[in-house]
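Written out below as structure tokens is the structure these notes cover.
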């Protein structure tokens with residue numbers, strides 16, 4: 001049984017190696033170019049780690065055990081992203097020379113891929129922060145400002161906007177925990193459904209934020225993976241079948257449809273087979289155009305290599321639209337809160353003046 005401290009150190013070592021995997025791929029490729037066996041490389045790394053870090057030692061020891069059969073992809077399973085394992089798994093079948101070339105290619109692209117991940121995180125983080133701020137303002141009004149007004153004047157005498165504010169505040173005070181739990185459950189269900197939910201309704205929702213962010217990112221990563229495999233000499237059909245081994249259920253659903261179309265009328269023009277909703281319209285058009293080129297494989301590879309920077313721009317545009325909608329919602333919420341509060345205050349002042357005038 002693994003000691004809890006060793007488990008933690010191993011997890012930290014995995015995170016460190018994943019962050020610097022570009023350098024790791026480069027060093028590995030350079031050693032393979034010099035015909036150094038994979039097992040010898042990993043054994044040397046494990047010996048170095050033994051003197052420096054307990055976590056790194058545990059990681060390289062685990063990789064050594066997994067690499068006994070000569071499989072680098074198996075050694076890196078659980079350490080590197082599935083899309084990169086997919087390419088490594090395909091490359092190692094072509095010998096150390098092809099694997100070395102592929103690792104050099106990976107070392108040059110992982111920084112861009114990580115930048116794409118950062119763009120996705122940034123696109124998701126700001127809306128979540130804005131929603132949290134809106135929720136905090138609404139709860140503060142409901143627990144503190146509205147009860148003070150209710151003590152000054154009977155809610156039945158409030159203006160219509162004030163009564164709407166009181167109804168919202170009453171609901172939050174009496175059912176806030178239930179509503180909060182429901183929102184958290186809905187958020188958890190949404191995150192869980194992104195890589196799993198399939199069907200016609202999901203295909204329609206993938207055209208709009210926030211589902212389109214996941215669709216754009218996953219679709220671009222698919223094109224990058226396929227182009228990397230085809231660059232290594234793997235056929236399109238074999239690349240799609242390999243991609244299914246490392247994919248989530250949502251992606252496998254699309255891959256099955258693409259493979260089915262390749263076996264049918266779209267087999268002559270493989271670009272049309274990708275019109276399943278897995279790619280955004282712009283990327284779909286590029287893939288279809290590539291299929292009509294004189295060298296379709298080379299054109300497809302160029303799309304994969306050049307799609308990373310374009311995807312970052314696309315994600316930024318989608319995030320800007322989502323953020324704009326949330327800003328409008330936040331402005332409407334503030335107008336509702338301030339409007340209801342000020343209208344009720346003015347009604348309270350008028351009532352007090354009337355009562356004092358009648359004395």
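The values are calculated or read from the model by the stated rules, or taken from the named source; none is laboratory data. On a predicted model such as this, the values are computed, not experimentally measured, just so you know. When we count neighbours, we look across all protein chains shown, and the Cβ atoms used for this are built from the backbone with ideal geometry, even at glycine.
Six or more apart or on different chains, Cβ atoms under 6 Å: show the pairs whose first residue is in the range 184-207 and assigned by TED's automatic domain parsing to the domain that holds residue 252 and whose second is part of a loop (DSSP other than H, G, I, E, B).
Listed pairs, sorted by first residue: 195/248; 203/277; 206/277.
Pick out the one residue from 149, 131, 189, 143 that is touching a helix residue (DSSP H, G or I) at 6+ places or on another chain (Cβ under 6 Å) and either surrounded by 11 or more Cβ atoms within 10 Å (Cβ to Cβ) or within 30 Å of residue 318 (Cβ to Cβ) (or both).
149
Need the failing condition index for residue 12 against (1) surrounded by fewer than 18 Cβ atoms within 10 Å (Cβ to Cβ); (2) free of Cβ contacts under 8 Å to residues at least 24 places away in the same chain, just the number.
Failing condition for residue 12: (2).
Could you tell me which of the residues 101, 92 is free of Cβ contacts under 8 Å to residues at least 60 places away in the same chain and surrounded by 14 or more Cβ atoms within 10 Å (Cβ to Cβ)?
92
Do we find a residue being within 24 Å of residue 201 (Cα to Cα), in contact with a helix residue (DSSP H, G or I) (Cβ under 9 Å, 6 or more places away or on another chain) and surrounded by fewer than 19 Cβ atoms within 10 Å (Cβ to Cβ) anywhere in the range 226-249?
Checked the range 226-249: at least one residue is within 24 Å of residue 201 (Cα to Cα), in contact with a helix residue (DSSP H, G or I) (Cβ under 9 Å, 6 or more places away or on another chain) and surrounded by fewer than 19 Cβ atoms within 10 Å (Cβ to Cβ).
Enumerate the helices (runs of 4 or more DSSP H) found wholly within the range 22-86, keeping only those where 1 or more residues are over 29 Å from the mean Cα position of the chain (by Cα) and free of Cβ contacts under 8 Å to residues at least 60 places away in the same chain.
In the range 22-86, the matching helices (runs of 4 or more DSSP H) lie at 38-52, 54-66.
Being over 30 Å from residue 144 (Cβ atoms), within 25 Å of the chain's Cα centre (by Cα) and modelled with pLDDT under 80 is the requirement here; does residue 312 meet it?
yes
Based on what the data block shows, is residue 222 touching a helix residue (DSSP H, G or I) at 6+ places or on another chain (Cβ under 9 Å), on the phi < 0 side of the Ramachandran plot, in a helix (DSSP H, G or I) and modelled with pLDDT under 90?
Answer is yes for this residue.
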